[in-house]
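Each remark here refers to the structure printed beneath this line.
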Amino acid sequence: PGLVIKTIDVAENREPFIFSIEITDPKYPTIRDVRVGDSFEELKEAYPEGILLGGELSDQEDDFRYEPVDYVNVMNFHIKEKKIESILIYTLLD
């Protein structure tokens, strides 16, 4: 509960490849110690290089996207009422 991991089988006799992790429980932090339930201000402080996809945070919902320099692994933080509601970590596939 609170963690959904999706995998892809890439080849026989190999471990499945994890391409998506969705976090909805505060007991699972990101590498920068951000958790579900944290405020948008805490998120912005931990991931200053991220952007709001809607452009401006309102009292409604928006997504905050963080792309590391490799542009392969991405994190989307779903924001509702200025708090993190869920975190989606995924790998962009070719």
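The values are calculated or read from the model by the stated rules, or taken from the named source; none is laboratory data. As the structure is a prediction and not an experimental result, all values here were calculated from the model. Methodologically, a virtual Cβ is constructed for each residue, glycine included, from the backbone with ideal geometry; neighbour enumeration extends over all protein chains shown. SASA here: full protein model, heavy atoms, side chains in, ligands and nucleic acids out. Shrake-Rupley method; radii C 1.70, N 1.55, O 1.52, S 1.80 Å.
Observations, loosely collected:
- The stretch 1-18 - residue that is part of a loop (DSSP other than H, G, I, E, B) and either among the acidic types (Asp, Glu) or open to solvent by less than 70 Å² (accessible area, probe 1.4 Å) (or both) and, of those, nearest to Ile89 (Cα to Cα): Gly2
- Tally of residues being within 16 Å of Ile21 (Cβ to Cβ) and touching a residue at least 24 places away in the same chain (Cβ under 8 Å) across the stretch 77-94: 10
- Of all residues in the stretch 23-59, those satisfying the criterion of being open to solvent by 70 Å² or more (accessible area, probe 1.4 Å) and not in a loop (DSSP other than H, G, I, E, B) are Glu41, Glu42, Lys44, Glu45, Ile51.
- Residue count, the stretch 77-86 (criterion: open to solvent by 30 Å² or more (accessible area, probe 1.4 Å) and either under 15 Å from the mean Cα position of the chain (by Cα) or of a type in the set (Ser, Thr, Tyr) (or both)): 4
- Evaluating Phe19 against the criteria (1) at pLDDT below 95; (2) of a type outside the set (A, V, I, L, M); (3) farther than 15 Å from Asn73 by Cα leaves one unmet condition, (3).
- Close Cβ contacts (under 7 Å, 6 or more residues apart or on different chains) running from residues in the stretch 65-76 that are under 11 Å from Thr91 (Cβ atoms) to residues that are open to solvent by 70 Å² or more (accessible area, probe 1.4 Å) and modelled with pLDDT of 75 or more comprise Val74/Glu67.
- Among the residues here, Phe64 qualifies as within 19 Å of Glu81 (Cβ to Cβ), among the aromatic types (Phe, Trp, Tyr) and in a strand (DSSP E or B).
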